[in-house]
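Asks: Before anything else, here's the structure in question.
The values are calculated or read from the model by the stated rules, or taken from the named source; none is laboratory data. Note that the structure is predicted; figures quoted are calculated from it, not measured. Using ideal geometry, Cβ is built from the backbone for each residue, glycine included, and neighbour counts are taken over all protein chains shown. The protein model used for the area step is the full one, side chains on, heavy atoms only, and it has no ligands, DNA or RNA in it. Shrake-Rupley method; radii C 1.70, N 1.55, O 1.52, S 1.80 Å.
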Amino acid sequence: MIDRMELLAVIALGFLMDQVLGDPHWLYHPVRLIGAYISFLEKGIRKIFGDGERALLAGGVVLVLFVTGTTAVISGGILYACGRISPGLKFLVSVILCYQLFAVRSLKVESMKVYRELKKDDLPAARYAVSMIVGRDTERLDMTGVTKAAVETVAENTSDGVAAPLFYMALGGPVLGWVYKAVNTMDSMVGYKNDKYLYLGRAAAKLDDLLNFIPARLCAWVMIFASYLPSKDHEFDGSHAKEIFLRDRFNHASPNSAQTESVCAGSLRIRLAGDAWYFGKLVKKKYIGDDLRPVEIEDIPRANKLLYRTSWTLMGLCAVVETVLNLL
């Protein structure tokens, strides 16, 4: 049986560590190991299964099973071994594993690098900075396009990098949180609808959609709530955030990505999304939000403020739920 108060303490301390430390470059992140493992498996699967449609679909299922299974066994095994040595060591390692699942501070740090380059009117440097956090081609983006890309990735990853890991940690501790992270990493690497990954990445993409279904919608409603909170110079519009969310939350090929993007667009009273280039091909995409005012570079720090408001509210909600469950 899960000790809810201990789990809450583990998650909360991990959350606070992320707020303070973020993702320092000197610290080797486990996601890099997962990414290397995915690349290794992909090569083997393509060699064994061949390049037929059905073969690649089957290979994609094998990829998902191996990556999620290995992640669960290794993370669970580490915690089991630590518990055999000392309960205190298991608690400490659990905190570290939870800390590395959050991406609040790193989202802010990386998006603000884009902001600083835009403030210096250095478009090539801004394009490079935003290329580090988005999957689209950035060499054609103008100042507005770079700004929109940064705002969109902060909005979308408020769900992927905060709400969803928190949701699965609250359900099943660090192990389930890392299984989610493994699926999300697979989706970011092989979940593209292009010639190379259309079939091999389908299982990972579909599983990622499934796992993010509830967290994305929960995060969107929490973000709407955060938009209603008082803000300096009335930066956020809760009423418009709700309106755009209800109207545009499915204006994306993914069933989940536009959930928080639509709230952010409505809250800031700007228009996001639209056509974008991926791997040298123009992809037609619907707009999200209304063009009530021009997008400006100050929207990047505004999006980060909304990220932090939403993240702290989610953490508070987690604390309430875990406390109630502990009392039942």
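Asks: How would region 145-285 be classified by its alpha-carbon gyration tensor: rounded, prolate or oblate, with rounded meaning a/c under 1.5 and the a/b versus b/c comparison settling the rest?
Replies: Oblate, because a/c is 1.5 or more while a/b does not exceed b/c.
Asks: Run the numbers on region 178-328 and let me know its relative contact order in percent, using alpha-carbon pairs under 8 Å that are six or more apart.
Replies: Rounded, it is 18 percent for region 178-328.
Asks: Go through T153, T144 and list them by solvent-accessible area, largest first, probe radius 1.4 Å.
Replies: So, going from the largest accessible area down, we get T144, T153.
Asks: May I ask you to derive the relative contact order of region 112-238, considering only C-alpha pairs under 8 Å and at least 6 residues apart, and to give it as an integer percent?
Replies: Once normalised by length, the contact order is 16 percent.
Asks: Turning to a different aspect of this structure: Place +1 on the Cβ of every Lys and Arg and -1 on the Cβ of every Asp and Glu in the chain, take the dipole about the Cα centre, and give the residue among T185, G266, L141 whose Cα lies farthest towards its positive end.
Replies: Towards the positive end, the residue furthest out is T185.
Asks: Here's something else I'd like to know. In Å², and per residue, what accessible area does the chain have when probed at 1.4 Å with the other protein chains present?
Replies: That works out to 48 Å² for each residue.
Asks: Something else: Search the structure for amide H atoms under 5 Å from the amide H of I288, placed 1.01 Å from N in the peptide plane, and list their residues when 5 or more places away or on another chain.
Replies: Sorted by chain and number, the residues that satisfy this are L272, A273, G274.
Asks: Is it possible to state the helix-based mean residue ellipticity at 222 nm for the chain, with each DSSP H run of 4+ residues giving -39500 (n - 2.57), the sum divided by total residues, to the nearest 500 deg cm²/dmol? What is it?
Replies: Only helices count here, giving -24000 deg cm²/dmol.
Asks: A further question follows. Measuring from centroid to centroid over Cα atoms, what is the spacing of region 269-297 and region 108-132 in Å?
Replies: Cα centres, region 269-297 to region 108-132: 18 Å.
Asks: Which helices, taking whole DSSP H runs in the chain, have alpha carbons extending 20 angstrom or more along the helix axis plus mean Kyte-Doolittle at least -1.0?
Replies: The qualifying helices are 4-21, 30-49, 53-85, 104-119, 143-158, 164-190, 202-228, 299-327.
Asks: What number, in percent, do you get for the relative contact order of the chain if the mean sequence gap of Cα pairs under 8 Å and at least 6 apart is divided by its residue count?
Replies: 21
Asks: Could you check which residue among L101, L171, L200 shows the biggest mean-square fluctuation in a GNM of the chain with a 10 Å Cα cutoff?
Replies: Sorting by GNM fluctuation, first place goes to L171.
Asks: Picking from P215, Y308, L63, whose Cα lies most toward the positive end of the charge dipole for the chain (charges on Cβ: Lys, Arg +1; Asp, Glu -1)?
Replies: Ranked along the dipole, the leading option is L63.
Asks: Carbon and sulfur: what percent of region 197-284's accessible surface (1.4 Å probe)?
Replies: That fraction is 62 percent.
Asks: Identify which of V179, V114, V93 has the largest mean-square fluctuation in a Gaussian network model of the chain, with springs joining Cα atoms closer than 10 Å.
Replies: In this elastic network of the chain, the residue with the biggest mean-square fluctuation among V179, V114, V93 is V93.
Asks: Just check the chain against the gyration tensor rule for me: Cα atoms, a ≥ b ≥ c as the square roots of the eigenvalues, rounded for a/c under 1.5, and otherwise prolate or oblate depending on whether a/b exceeds b/c.
Replies: Judged from the Cα gyration tensor, the chain comes out oblate (a/c at least 1.5, b/c at or above a/b).
Asks: Which shape class applies to region 41-145: rounded if a/c is under 1.5, otherwise prolate when a/b exceeds b/c and oblate if not, where a ≥ b ≥ c are the square roots of the Cα gyration tensor eigenvalues?
Replies: Taking the square roots of the gyration eigenvalues as a ≥ b ≥ c, region 41-145 is oblate.
Asks: If exposed chymotrypsin sites (Phe, Trp or Tyr not before Pro) are those in a DSSP loop with at most 10 other Cβ within 10 Å, what is the longest stretch of the chain that has none?
Replies: Maximal segment without exposed cleavage sites: 29-328.
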